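Everything below concerns the one structure shown next.
The values are calculated or read from the model by the stated rules, or taken from the named source; none is laboratory data. The structure presented is a predicted model; accordingly, all values stated were derived computationally and were not measured. As a convention, Cβ positions derive from the backbone with ideal geometry for all residues, glycine included, and neighbour counts pool all protein chains shown. Just the protein is used for accessible areas: all its heavy atoms, side chains included, with ligands, DNA and RNA removed. Shrake-Rupley method; radii C 1.70, N 1.55, O 1.52, S 1.80 Å.
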Amino acid sequence: MNAKASWAQQAKNEGATVFNDVLQEVDDPIATLKGGGDRVAVLVPYEYLWPDNLAPFKNEKHKRFYDADLLIDHLEQAGYT
C-alpha cells in the first residue's frame, strides 16, 4: 500500500470523511467540507512547488489553487477548528 492510500485508509478507519484531491475541483469547497461530518481528512495539491514538467496551474479542472492559508480558511468556514 502506498503512503497516499495508507493515510486515507487510516482516516476512514477512524471515522473521517476523506477528501483526496477533490476540493480544488468543486464549485463550493466549503459546502463540500460541511457535508463531511464531524471529522475530515483533506489532501489538496500544492502546485506552488511543482516542477514545470508537471504543468502547475494549468489543469483546467482546478477552480482554485491551495496554499496552507486558503485550506485553513476553508476548513474554518466549514466549521472545523
Longest principal axis of the chain (C-alpha) makes with the long axis of helix 68-77 (C-alpha) an angle, in degrees to the nearest 10, of 40 degrees
Once 30, 72 are ranked on solvent-accessible area with the largest value leading and a 1.4 Å probe, the list reads 72, 30
Within the stretch 49-81, DSSP-loop chymotrypsin sites (Phe, Trp or Tyr not before Pro) with at most 14 other C-beta atoms within 10 Å are 57
Taking protein heavy atoms only, a 1.4 Å probe, and rounding to whole percent, the accessible area of the chain owed to carbon and sulfur comes out at 49 percent
Taking a ≥ b ≥ c as the square roots of the eigenvalues of the Cα gyration tensor, with a/c under 1.5 meaning rounded and otherwise prolate when a/b exceeds b/c and oblate if not, the stretch 23-81 is prolate
Ignoring ligands and nucleic acids, residue 40 exposes an accessible area, probe 1.4 Å, in Å² to the nearest 10, of 40 Å²
With every protein chain in place, the accessible area of residue 52 for a 1.4 Å probe, in Å² rounded to the nearest 10, comes to 140 Å²
Tilt, helix 3-13 to longest principal axis of the chain (alpha-carbon atoms), in degrees rounded to tens, equals 20 degrees
Checking the chain for GluC sites (Glu not before Pro) in a loop per DSSP with at most 16 other beta-carbon atoms within 10 Å yields 14, 25, 60
